[in-house]
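These notes concern the structure reproduced below.
The values are calculated or read from the model by the stated rules, or taken from the named source; none is laboratory data. As the structure is a prediction and not an experimental result, all values here were calculated from the model. When we count neighbours, we look across all protein chains shown, and the Cβ atoms used for this are built from the backbone with ideal geometry, even at glycine.
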Amino acid sequence: MTAASKALATEKEARDVAEDARETEWEHPSFARELFLGRFRLDLIHPHPPADEEEEARAKPFLDALKGFMDRVDSAEIDRTGEIPESLVQELRDMGAFGIKIPKEYDGLGLSQMSYIRAMELVTSKDGSLVALLSASQSIGVPQPLKLFGTDDQKRRFFPRLAKGAISAFALTEVDAGSDPANLRTTATPSDDGEHFILNGEKLWCTNGTRAELFVVMARTPDIDKGGRKVKQITAFIVDASMPGVEVKHRLRFMGLKAIENGVITFRNVKVPRDNILWGEGKGLKLALVTLNTGRLTLPAGCAGAGKQMLRIARKWANERVQWGQPIGKHEAVAQMLAKMAANTFAMEAVAELATALYEKGGYDIRLEAAIAKMYNSETGWRIIDDTLQIRGGRGYETAESLARRGEDPIAVERAMRDYRINLIFEGSSEIMRLFIAREAVDHHFKMAFDIVKPESTMRERLAAMAKSTPFYLTWYPTRWVSTSRLKSYSEFGRLATHIRYLERTTRHLGRAIFHAMVRYGPKLERKQAVLFRAVDIGAELFAMSAACVRARMLSQKGQKEAVSLADTFCREARLRIGELFRNLYGPNDENMYKLAMAVLKGEHEWLEAGIAGENTEFGNRDAEIERGAEKEPDGSDRREGALARAY
Ligand SMILES: Cc1cc2nc3c(=O)[nH]c(=O)nc-3n(C[C@H](O)[C@H](O)[C@H](O)COP(=O)(O)OP(=O)(O)OC[C@H]3O[C@@H](n4cnc5c(N)ncnc54)[C@H](O)[C@@H]3O)c2cc1C
């Protein structure tokens, strides 16, 4: 049965579910939110929140031990065998690496989010499978929502186990519910006595699922009636893998992260105590979103770690490799790549650490910064890996094992590329991150002026909306044209001051541009993803520039003067990208491209696919694949069962 033939949620249902789960209030300020409103609130991020020296001293012994461990880990072997040896997992447990942020009173290390992301950056710089194990457990697995939403009783029951190293997993995705949780089919039905919920369903791609002791499972509980409207309820449960009916159906294998413990997990009449509900009935999706706000701070730090590792590899090789009479790093094409890599790596770290520092500071709403950091760093890091592979030439494409066999350094750029790619997909794909950011970017205008531009509004609604919004727009709009801080020179930023002045001007420009887009398209703007996404990209570039500048200033005050030239180069490049995005904001070719895509979907250009292998074979012909042995191990055994057996 194809996905299209199943009763999937309609677009409206999908939007309703997402809207119901959305955090609508902005209790605390956010620099990024202000950016999209055309207001450059430098005071919210500058001076950069200072490092917590006491915390750094507390974290040092653990980070040193983790570094020593990572230096010893044989990542090539983990990649080759597709398994993380139990002895390594035990070593991590003994170090407290599964309870980094769990409070000390529950036997965790009690370290901060900043120390945690630094640990994950360190692990990512060498081993994707290990970081998946640790991070799925702690960024999205049980400890994080437990810390945010757990009752005291739940904390007492689960934290000590988790701190000792009970592996945990986060189970949201299903076959039809990837980016769209409205399609969730796993159900949790209250038992007759109301003390339990009976869980039934199947979760896909659950990281750590094959090894987890504890899961956070998102399931549909009975719909509720809200003013005559049926509202889907999604609830989060803590599920123990030992509960009867929990089963690992398949262990899944991927392009990279070869030893990730990821699987299809089934729940058949699993009796889960009501006490295991996290936060409250119907609050599961919101819980997932709030958990991810902080959870998403990890991945950008990991991407920065990967960027640093690539920079190190590219720098060494570009010095060492001589072609056409000089080191390749001196040929301009390669030099350009190197400069970009260094500047972008600096910006990635600036983005990840600023977002985390603002979170640590408290009284700050991190949701947009975290989403921007996830999207920006995962994409920037991907380009860095691609450039590193190019600089390494044929050696970049060759496996580390093969390089070693012929006596060369086993530098695993090929593995890094395989391991890294998923970062643009999980924890919210790049497109979903852009949608999430765009939704918040236009929210204020939609709330204020939606009824004015909505075609179906009555005259009365239009007038009411105008009365509500006019006072705001009378001051907001003119001041998006004229700087209110004209006299500010931002001289404390030295040679970066010019970029800060640009940021102030361009932020106002972005605010105007988003407003103009809303006036131009009205409610249709929601569907103009190409336009909205360019506006989001401008905002993300502005945030990255701001982060780079405030970090460079902080570092140069501490004596790291070189940071200024990295920030300067990054900003110059970002300004070029922003210029391009503004020039093409309304994408003169967007409509034509959309039409072509629709024609492609209809098969009007199938003729173009002639002359290729498998031309006449339908996709998804699983039976044929099984017949050909695609589901078989080299020894002839069933690959799925083999994998499952290995997982236990
Ligand atoms: C290795 C791995 C580990 C994972 N770990 C976990 C885990 O631990 N727990 C868990 O719950 N899930 C996990 N996932 C699932 C992951 O989060 C999903 O793959 C992701 O959410 C995307 O869902 P999907 O793959 O079904 O893509 P789809 O939702 O089918 O999307 C396909 C493409 O369409 C785009 N798209 C979708 N909707 C829109 C839209 N409205 N507008 C524009 N573009 C759109 C997407 O961005 C994507 O490019 C994991 C996946 C993998 C591969």
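Worth a mention:
- Within the stretch 364-428, helices (runs of 4 or more DSSP H) holding 2 or more residues that are away from the ligand (no atom under 16 Å from the Cβ), closer than 25 Å to GLY141 by Cβ and small (Gly, Ala, Ser): 367-392
- Candidates are the residues of the stretch 44-64 that are more than 30 Å from ARG93 (Cα to Cα) and under 26 Å from the mean Cα position of the chain (by Cα); the one that is surrounded by the fewest Cβ atoms within 10 Å (Cβ to Cβ) is PRO50.
- Some residue of the stretch 391-400 being closer than 19 Å to ALA513 by Cα and either touching a helix residue (DSSP H, G or I) at 6+ places or on another chain (Cβ under 7 Å) or not polar (S, T, N, Q) (or both): no
- If the condition is being under 30 Å from CYS206 (Cα atoms) and either away from the ligand (no atom under 16 Å from the Cβ) or acidic (Asp, Glu) (or both), then the stretch 435-461 contributes only GLU440.
- Here the stretch 492-527 is the region considered, the condition is being aromatic (Phe, Trp, Tyr) and within 30 Å of the chain's Cα centre (by Cα), and the residue that is farthest from ALA547 (Cα to Cα) is TYR521.
- Only residues that are under 26 Å from VAL413 (Cα atoms), surrounded by fewer than 16 Cβ atoms within 10 Å (Cβ to Cβ) and not charged (D, E, K, R) were counted in the stretch 78-90, giving 2.
- Taking the stretch 168-188 as the range and being more than 8 Å from the ligand (Cβ to nearest atom) and either in contact with a Phe, Trp or Tyr (Cβ under 7 Å, 6 or more places away or on another chain) or in a strand (DSSP E or B) (or both) as the test, the residues that pass are SER168, THR186, THR187, ALA188.
- Restricting the stretch 181-216 to residues that are more than 24 Å from the chain's Cα centre (by Cα) and among the hydrophobic types (A, V, I, L, M, F, W, C), the residue that is nearest to VAL89 (Cα to Cα) is LEU199.
- Criterion: of a type outside the set (Ser, Thr, Tyr) and modelled with pLDDT under 95 - qualifying residue of LEU287, LEU257, LEU311: LEU287
- Where a residue in the stretch 577-589 is among the polar types (S, T, N, Q) and its partner, wherever it lies, is at pLDDT 95 or above and assigned to a helix (DSSP H, G or I), with Cβ under 8 Å and at least six apart: ASN584/ARG534
- Condition check for SER115: surrounded by fewer than 20 Cβ atoms within 10 Å (Cβ to Cβ), among the polar types (S, T, N, Q) and at pLDDT 95 or above: no
- Residues located in the stretch 189-216, provided they are of a type in the set (Asp, Glu) and part of a strand (DSSP E or B): GLU202
- Subset tally (residues that are touching a helix residue (DSSP H, G or I) at 6+ places or on another chain (Cβ under 7 Å) and without any contact (Cβ under 8 Å) to a residue 60 or more places away in the chain) for the stretch 409-428: 3
- Filter result for ILE100 (buried (at least 20 other Cβ atoms within 10 Å of the Cβ), within 12 Å of the ligand (Cβ to nearest atom) and under 30 Å from ALA51 (Cβ atoms)): no
- Options LEU299, LEU285, LEU289; residue that is crowded, with 24+ Cβ neighbours inside 10 Å and not small (Gly, Ala, Ser): LEU299
- Top-ranked residue of the stretch 189-208 - restricted to ones that are crowded, with 20+ Cβ neighbours inside 10 Å and farther than 24 Å from SER135 by Cβ, ranked as farthest from the ligand (Cβ to nearest atom): PHE197
- Scanning the stretch 35-49 for residues that are outside any helix (DSSP H, G or I) and touching a residue at least 60 places away in the same chain (Cβ under 8 Å) yields LEU37, GLY38, ARG39, PHE40, ILE45, HIS46, PRO47, HIS48, PRO49.
- Residues being away from the ligand (no atom under 16 Å from the Cβ) and either among the hydrophobic types (A, V, I, L, M, F, W, C) or over 22 Å from MET375 (Cα atoms) (or both) - total across the stretch 254-305: 18
- Failed condition for SER75, given (1) exposed (fewer than 13 other Cβ atoms within 10 Å of the Cβ); (2) in contact (Cβ under 8 Å) with a residue 12 or more places away in the chain: (1)
- Reported count of residues in the stretch 241-253, each being assigned to a loop (DSSP other than H, G, I, E, B) and within 13 Å of the ligand (Cβ to nearest atom), is 2.
- Verdict on ALA9 being aliphatic (A, V, I, L, M) and in a helix (DSSP H, G or I): no
- All helices (runs of 4 or more DSSP H) inside the stretch 430-527 with 3 or more residues being crowded, with 20+ Cβ neighbours inside 10 Å and not polar (S, T, N, Q): 430-453, 497-521
- Residue check, ILE432 closer than 21 Å to ALA14 by Cα, within 16 Å of the ligand (Cβ to nearest atom) and touching a Ser or Thr at 6+ places or on another chain (Cβ under 6 Å): yes
- Residues satisfying the stated conditions in the stretch 16-34, i.e. surrounded by fewer than 16 Cβ atoms within 10 Å (Cβ to Cβ), touching a residue at least 24 places away in the same chain (Cβ under 8 Å) and in a helix (DSSP H, G or I): none
- Checking each residue in the stretch 217-232 for being within 18 Å of PHE170 (Cα to Cα) and either surrounded by fewer than 19 Cβ atoms within 10 Å (Cβ to Cβ) or within 16 Å of the ligand (Cβ to nearest atom) (or both) picks out VAL217, MET218, ALA219, ARG220.
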